[in-house]
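Here the structure comes first, spelled out in structure tokens, and everything after it is commentary.
The values are calculated or read from the model by the stated rules, or taken from the named source; none is laboratory data. Fair warning: this is a prediction, and the values are worked out from it, not measured in the lab. Glycine also receives a Cβ, built like all others from the backbone with ideal geometry; neighbour counts cover every protein chain displayed.
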Amino acid sequence: MSKLWGGRFTKKTDQLVEEYTASITFDKELAEEDIQGSLAHVTMLGKQGIIPLDDVDTIKEGLHRVMQKIKRGEIEFAVADEDIHMNIEKTLIDDIGAVGGKLHTGRSRNDQVATDMHLYLRKRVVEFVDLLHKLQAALLEQAKANLDTIVPGYTHLQRAQPILFAHHLMAYVAMFGRDAERLQDSYKRINTLPLGAGALAGTTFPIDRHFVASQLGFDRIYENSLDAVSDRDFILEFLSHASIIMMHLSRLSEELILWSSSEFRFVELDDAFCTGSSIMPQKKNPDVPELVRGKTGRVYGNLMGLLTVLKSLPLAYNKDMQEDKEGMFDTVKTMQGALQLFAPMIATMKVNKSRMREAVNMDFSNATDIADFLVGKGLPFRQAHEVIGKTVLYCIEQNKFLLDLTLEEFKQFSKLFDERIYDVLQPENVVNARNVYGGTATAQVSEAITRAEMGLEQTAAWVAEYAERSK
């Protein structure tokens, strides 16, 4: 069969050109969305009297059969037919005859492919919000189990102040919560219908774009036909959000890798999420977080790649825009794998509470509280800071920690010290002294967990509603 667009040409397409320009090897991922859009389009063509209703029924029955064949793996897509749209149309025509050619009335592959990608991404966005919800839930359970676990808090990867391990985990709950919010907000821009824009200028047929939008569950349609076929902002936005999500996963991965090392021994990852060494039998390698950390780079690359493709393109559609799909599909696959693994990995992680407490007892992370103690006695903070700096230096020289000092030793540095300093220095008191909204005190972290659980209930309701709308 000749090309569906071949009427103007006198020569066959060079085979290398066919192979180089074809997108079917990757855009076959859009088969379900392509048929979904075609069913709505042909229904509208019949409603508007553009094609006979008998032809509409024949085409719709044929499209359903094509979809079933694709799901059963019975269709071998051909490079000669270029892309998923023409492969499906050719298969349809082979099945129902020339009437299948009426399906493309009033549309172009330009608005067709844009519609496919909007349909594809809106499903993925709902799935990713759900996966983030599961990860947040796993982190919340670990936080609730560690409300009495104190761990060194770090700045510059140097011990800074003791905090609840639950407080540390809740920081990631907040990060992934923002990620979910960004995806939810992007849904309204993804859920905009380009179909009906034609190649770039609309169509002469009396189509009803709003009817198609309602059939496909779109909330609105593109106002400008040129913008409709050339817009890839919604993909860039998704790739940007995905890059931030992967960055957050990579930061958590780095901490899991550090915490599970012999030097820290704060946590142990379940055997199901680790691998061994082919030569060193004692090894237990945190391969999952390491790979997530590494794969973050490819997601960044997909974002930068599409930004670069689009940066100089004139309106409207250009073949360059075919490069929008592989990076998008790769990012979806990469992030799916990471999020699907992370929730159970966090849920099964063992926390070494005694080791964390040991680390807290063997540092100077309670030093700020001594300064605050002296400030409470009337000493200006800058002077108190200097006093405690000298006290810490003395401890280092004497191979002691602050709680090891006698009251006489404390008084060497300030006569304001008294017996209460030993209560001030206790890790539990250091933590609970920070009883401000968002602080690490047990009461504050407990309230943060309650708020986060309420937020997850709202997210679950959003996922349920929009999963149904995006079918």
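Listed here are the residues, each with its yes/no results for (1) surrounded by 21 or more Cβ atoms within 10 Å (Cβ to Cβ); (2) part of a loop (DSSP other than H, G, I, E, B); (3) in the same structural domain as residue 340 (by TED's automatic domain parsing).
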residue	(1), (2), (3)
238	yes, no, yes
241	yes, no, yes
246	yes, no, yes
256	yes, no, yes
277	no, yes, yes
283	no, yes, yes
294	no, no, yes
306	yes, no, yes
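Would you mention how many residues in the stretch 190-236 are farther than 30 Å from residue 300 by Cβ, part of a helix (DSSP H, G or I), in contact with a helix residue (DSSP H, G or I) (Cβ under 7 Å, 6 or more places away or on another chain) and of a type outside the set (A, V, I, L, M)?
The total comes to 2.
For the stretch 350-406, how many residues are of a type in the set (A, V, I, L, M, F, W, C) and farther than 19 Å from residue 429 by Cα? Step through it out loud before you land on a result.
Within the stretch 350-406, the first condition is being of a type in the set (A, V, I, L, M, F, W, C), and the residues that meet it are 351, 356, 359-360, 362, 364, 367, 370-371, 373-375, 379, 381, 384, 387-388, 392-393, 395-396, 401-403, 405.
Cutting the leftovers down to farther than 19 Å from residue 429 by Cα gives us 351, 379, 381, 384, 387, 392-393, 395-396.
The total comes to 9.
Among the residues of the stretch 393-429 satisfying the criterion of being over 15 Å from residue 360 (Cα atoms) and of a type in the set (S, T, N, Q), which is surrounded by the fewest Cβ atoms within 10 Å (Cβ to Cβ)?
Residue satisfying both the conditions and the ranking: 399.
Any residue that is under 27 Å from the mean Cα position of the chain (by Cα), among the aromatic types (Phe, Trp, Tyr) and part of a helix (DSSP H, G or I) - is there at least one of those in the stretch 111-120?
yes
Working carefully through the options 161, 184, 215, find the one that is in contact with a His (Cβ under 9 Å, 6 or more places away or on another chain) and either not hydroxyl-bearing (Ser, Thr, Tyr) or not assigned by TED's automatic domain parsing to the domain that holds residue 256 (or both). So that I can check it myself, show each step before the final result.
Working: 161 fails: in contact with a His (Cβ under 9 Å, 6 or more places away or on another chain); 184 fails: in contact with a His (Cβ under 9 Å, 6 or more places away or on another chain).
Only one candidate passes the filter, namely 215.
Hey, can you tell me all the residues within the stretch 187-199 that are crowded, with 17+ Cβ neighbours inside 10 Å and touching a Ser or Thr at 6+ places or on another chain (Cβ under 9 Å)?
Correct list: 187, 191, 193, 194, 195, 196, 197, 198.
Among the small types (Gly, Ala, Ser), surrounded by 20 or more Cβ atoms within 10 Å (Cβ to Cβ) and in contact with a Phe, Trp or Tyr (Cβ under 6 Å, 6 or more places away or on another chain): which single residue out of 180, 160, 228 fits that description?
Checking each option against the conditions leaves just 228.
Would you call residue 54 modelled with pLDDT under 85 and either of a type in the set (Lys, Arg) or not assigned by TED's automatic domain parsing to the domain that holds residue 117 (or both)?
Working: modelled with pLDDT under 85: no; either of a type in the set (Lys, Arg) or not assigned by TED's automatic domain parsing to the domain that holds residue 117 (or both): yes.
The answer is no for residue 54.
Looking at the stretch 389-471, what helices (runs of 4 or more DSSP H) fall wholly within it and have at least 2 residues that are β-branched (Val, Ile, Thr) and closer than 27 Å to residue 151 by Cβ?
421-424, 427-432, 442-469
Is it the case that the stretch 343-350 has a residue that's basic (Lys, Arg) and modelled with pLDDT of 95 or more?
Within the stretch 343-350, one or more residues are basic (Lys, Arg) and modelled with pLDDT of 95 or more.
Across the stretch 112-131, what is the number of residues that are charged (D, E, K, R) and within 15 Å of residue 325 (Cα to Cα)?
Total meeting the criteria: 3.
Specify the residue that is nearest to residue 385 (Cα to Cα); the eligible residues are those in the stretch 399-425 that are free of Cβ contacts under 8 Å to residues at least 24 places away in the same chain and among the hydroxyl-bearing types (Ser, Thr, Tyr).
Here the answer is 422.
Would you check if there is a residue in the stretch 74-83 being surrounded by fewer than 17 Cβ atoms within 10 Å (Cβ to Cβ), assigned by TED's automatic domain parsing to the domain that holds residue 51, in contact (Cβ under 8 Å) with a residue 40 or more places away in the chain and outside any helix (DSSP H, G or I)?
Yes, the conditions are met somewhere in the stretch 74-83.
Anything in the stretch 285-310 that is free of Cβ contacts under 8 Å to residues at least 40 places away in the same chain, over 17 Å from residue 238 (Cα atoms) and among the charged types (D, E, K, R)? List them, or say none.
If the condition is that a residue be free of Cβ contacts under 8 Å to residues at least 40 places away in the same chain, over 17 Å from residue 238 (Cα atoms) and among the charged types (D, E, K, R), then 287, 290 are the ones that fit.
If a residue must be closer than 21 Å to residue 265 by Cα, in contact with a Phe, Trp or Tyr (Cβ under 9 Å, 6 or more places away or on another chain) and surrounded by fewer than 17 Cβ atoms within 10 Å (Cβ to Cβ), how many such residues does the stretch 335-360 contain?
Qualifying residue count, the stretch 335-360: 4.
Quick check on this structure: which one of 353, 319 is of a type outside the set (S, T, N, Q), modelled with pLDDT of 95 or more, more than 19 Å from residue 135 (Cα to Cα) and over 20 Å from the mean Cα position of the chain (by Cα)?
So the residue among 353, 319 that is of a type outside the set (S, T, N, Q), modelled with pLDDT of 95 or more, more than 19 Å from residue 135 (Cα to Cα) and over 20 Å from the mean Cα position of the chain (by Cα) is 353.
Which condition number in (1) assigned to a helix (DSSP H, G or I); (2) of a type in the set (Asp, Glu); (3) under 27 Å from residue 142 (Cβ atoms) is the one that residue 263 fails?
Of (1) assigned to a helix (DSSP H, G or I); (2) of a type in the set (Asp, Glu); (3) under 27 Å from residue 142 (Cβ atoms), only one is false for residue 263: (1).
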